[in-house]
Amino acid sequence: MTDKPAHMIHMPHFLGPVAPITIDHAEGSWVYDTDGGKWLDFVVGIAVVNTGHCHPKVVKAVQEQAAKVAHAQMNIYRHGPMLELAEDIVDLLPEDMDEVMFANSGAEAVENAVKLAKQVTRRPGIIAFHGAFHGRTHLTMALTDSAVHYRGHHEPLVPCVYHARYCYPFRTPASEDPTAYAIEDVRRVLRAEIYGDDVACIIVEPIQGEGGFIVPTAEFMLELRAIADEIGACLIIDEIQAGMGRTGKWFCHEHYDVKPDILTIAKGIASGYPLGAIVAPKALWDKCLPGSMGGTYGGNAVACAAGVATIAAMKEDGMLANATRQGEKLLKFWQEKQAQYPVIGEARGKGLMLAIECVQPGTKEPNAAVAKAFIAECQKHKVILMGACSQGNGVRFLPPLNISDAEMDIAMGVFAEAAKAVFA
Ligand SMILES: Cc1ncc(COP(=O)(O)O)c(C=O)c1O
């Protein structure tokens, strides 16, 4: 590419950032660029810095741990932060979700979750969903179905992956029930494509992230649980984007009262330090062969110390309750705008995992142009937002979970002005 800005000269062109700034430092809900600009961050590294940038408790824990030991490879030694974080995570979950393995990233957590399901069942098949995003490795690209640019030109991908329809109430034909419409497609996969007793796992996001913050029905999640039990497969719930308090509960699946066999966590777990986790009952982990799982950096001591401090800060600062309260306020704001502007097809989400989906007025035709224009308009007012939805027609709202009333008011003021400029 010849038209790259000079400061990107040694970076590949596809890393062109969403916001046109180089960050100097960041604090709480705000980032400060190298030109002295101050921006309100409604992306926080894509639902990563849930505790706000550089939360003092996280900074302190990281500084202290870096001075004690940075890397204590998990197959060579034990170290305190990893043991402590495993205990803290298990405490947030039902009793039998009692063992945790750590990885470096979300994709690596998904890789290991599927490996665990395959070892437990000794089966090859995986059922995933249309619109899903699970990562960028060859396995996780095969599971991903939200946009061709994530997987196109990379084939062959990992085989034995079958996609069924996700529960997408907004795009379910009016004559159909959203749960039944999606579940019938899972049944179709099991009738037409793979025998149930060849399926190792069903992997599902409890709210689809990249797909557009699509909230399924609770019944859909419960039906998946029932199907997994019926065919003897593991239900993997991928909470990499929706977990760690983002939806106002520690884990989004709590909203549906559904229980996973295997849970994947990353992003918000360590406030920006690279860490993923796979949680499952001991009975499942016991079926894994020694040497079959591991990795050099999984459970890095500094990242785990950040994770321990993240959970402590979220509890001490009441961030889940704040996420629920601020989320209700912002969702109501967008529902009112939806009534005002026909280009907003739907405002949806839980807690502070919220999005709007833009359409051509009077239809449900995706309208990416208007979503992009809205994001650009907000950038003029120094609010950072990011798109969503398979066809780029969504806008997601992901502030830190400890955003203040005053900061939310500033953001809503900008959104109201930008909506008037772009949606009217
Ligand atoms: C639901 C979900 N799973 C997996 C991933 C992959 O995580 P990572 O980018 O850390 O590999 C993501 C990232 O956006 C995600 O949203």
Problem set entry | Subset of segment 94-107 (residues that are crowded, with 20+ Cβ neighbours inside 10 Å and either more than 16 Å from the ligand (Cβ to nearest atom) or of a type in the set (S, T, N, Q) (or both)) | 97, 100, 105
Problem set entry | residue 172 buried (at least 18 other Cβ atoms within 10 Å of the Cβ) and of a type in the set (S, T, N, Q) | no
For this session: From 402, 367, 322, grab the single residue that is within 30 Å of residue 218 (Cα to Cα), without any contact (Cβ under 8 Å) to a residue 40 or more places away in the chain and surrounded by 19 or more Cβ atoms within 10 Å (Cβ to Cβ).
Result: 367
For this session: Would you mind stating whether residue 188 is in contact (Cβ under 8 Å) with a residue 12 or more places away in the chain, of a type in the set (Lys, Arg) and assigned to a loop (DSSP other than H, G, I, E, B)?
Result: no
For this session: Name the single residue, out of those in segment 121-139 being surrounded by fewer than 18 Cβ atoms within 10 Å (Cβ to Cβ) and within 22 Å of residue 231 (Cβ to Cβ), that is farthest from the ligand (Cβ to nearest atom).
Result: 122
Seminar exercise, completed: Expected output for segment 45-62 (first residue in contact (Cβ under 8 Å) with a residue 40 or more places away in the chain, partner part of a loop (DSSP other than H, G, I, E, B) and surrounded by fewer than 17 Cβ atoms within 10 Å (Cβ to Cβ), Cβ below 8 Å, 6+ apart or cross-chain) is 51/317
Problem set entry | Any hit, segment 157-178, residues being within 16 Å of the ligand (Cβ to nearest atom) and in a helix (DSSP H, G or I) | no
Exercise. Can you name the residue in segment 108-120 that is within 16 Å of the ligand (Cβ to nearest atom) and of a type in the set (Val, Ile, Thr) and, of all such residues, is farthest from the chain's Cα centre (by Cα)?
Worked result: 114
Seminar exercise, completed: In segment 138-147, anything modelled with pLDDT of 95 or more and either out of contact with any strand residue (DSSP E or B) (no Cβ under 9 Å at 6 or more places or on another chain) or part of a loop (DSSP other than H, G, I, E, B) (or both) is listed as 138, 140, 141, 144, 145
For this session: Only one of these is assigned by TED's automatic domain parsing to the domain that holds residue 312, in contact (Cβ under 8 Å) with a residue 40 or more places away in the chain, under 17 Å from residue 243 (Cα atoms) and surrounded by fewer than 20 Cβ atoms within 10 Å (Cβ to Cβ): 110, 90. Name it.
Result: 90
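The values are calculated or read from the model by the stated rules, or taken from the named source; none is laboratory data. Keep in mind it's a predicted model, so treat the numbers as computed, not measured. Backbone-built Cβ (ideal geometry, glycine too); neighbour counts: all protein chains shown.
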